[in-house]
Each structure stands twice: as C-alpha cells, then as structure tokens.
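Report on one structure; see the data block that follows.
Read-outs: derived from the displayed coordinates by stated rules, not from any lab. Computed from a prediction, not measured in an experiment: that's the story for all the values here. Positions of Cβ are backbone-derived with ideal geometry, glycine not excepted, and every protein chain shown enters the neighbour counts.
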Amino acid sequence: MGKEAAKRRLADNEAVATATMLRGSPQKLNLVAASIRGMKVEKALATLTFSPRRSAIDVKKCLQSAIANAENNHNLDVDSLVVAEATVGKALVMKRFRARARGRVGKIMKPFSRLRIVVREVEEQA
C-alpha cells in the first residue's frame, strides 16, 4: 500500500544542500554565490573562507553540507566535486517601521533569502 517513492530529481553524480531563512537580501547573497559557481569545491571553500562578506559564512556552511551529502548519502568522491549550481531566491520580508517627523513612518524591510547548492562529480580529463 502507500504511494510510490518520488523519482530523484538530480543525476546520480549530483548532491544538493539547501539553506533557508538566511538573514540578508538575495542580491547580496547572490554576489557571493556567483563567485563560487563552476569552481572545484576545495577552491570554493578557500574563496569563501577568506571572503570579507558576511554572507560568505552562510554560503560556506551550505557548501560543506552539500559536500557531506555527496560523500555520505551518494558515495561520491570529494576530490572530484565541482559546484554545478548555486541559486539564490527570496524568502519572507519582515516589515518594521520607525517613527519619523510630523507623524509619518519610515519603512524598514528586513529580507530573508534561501540558497540551493548542487555539487557534481566530474571525471578527470587527461
């Protein structure tokens, strides 16, 4: 009984990790995510470690999670992993306000983002 298991949306040589509700705008987070797209994971981790941007910490955590998923869940070789995708999207926006002069209001938007990183195992080319 019960329903059939859903088909895997990724290829057999890919693993994914997502991070949701990251504090910060998607535009700023995408700048960091764009800097690691297509890189080998060792180089991407080094880039994120020494990046001065605050969101690099969250991207690094998500990348490490994707690497761990690839190694433990899908038995992929960590040394041959490449960041295939790094996509950023909007999550919710907390709306706050600050009292301004003459009874007016200054809007304060506090955006949240979500991040999805896909790593792919590639064969070494001689």
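Taken over segment 1-32, the criterion of being within 20 Å of A84 (Cα to Cα) and either among the β-branched types (V, I, T) or in contact with a helix residue (DSSP H, G or I) (Cβ under 6 Å, 6 or more places away or on another chain) (or both) is satisfied by A15, V16, A17, T18, A19, T20, V32.
Here K107 meets each of (1) within 20 Å of A19 (Cβ to Cβ); (2) assigned to a strand (DSSP E or B) with one exception, condition (1). Taking the numbered list (1) closer than 27 Å to M109 by Cβ; (2) more than 14 Å from the chain's Cα centre (by Cα) in turn, Q27 passes all entries but (2).
A quick yes/no check of all residues on (1) surrounded by 14 or more Cβ atoms within 10 Å (Cβ to Cβ); (2) polar (S, T, N, Q); (3) under 19 Å from H74 (Cβ atoms):
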residue: A6; (1), (2), (3): no, no, yes
residue: D12; (1), (2), (3): no, no, yes
residue: T20; (1), (2), (3): no, yes, no
residue: Q27; (1), (2), (3): no, yes, no
residue: A33; (1), (2), (3): yes, no, no
residue: M39; (1), (2), (3): yes, no, no
residue: A44; (1), (2), (3): yes, no, yes
residue: F50; (1), (2), (3): no, no, no
residue: K60; (1), (2), (3): yes, no, no
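Say whether the condition of being assigned to a helix (DSSP H, G or I), of a type in the set (V, I, T) and out of contact with any Leu (no Cβ under 7 Å at 6 or more places or on another chain) is met by at least one residue in segment 65-80. Yes, there is a match, as at least one residue in segment 65-80 is assigned to a helix (DSSP H, G or I), of a type in the set (V, I, T) and out of contact with any Leu (no Cβ under 7 Å at 6 or more places or on another chain).
Taken together, the residues in segment 62-109 that are of a type in the set (A, V, I, L, M) and surrounded by fewer than 16 Cβ atoms within 10 Å (Cβ to Cβ) amount to 11.
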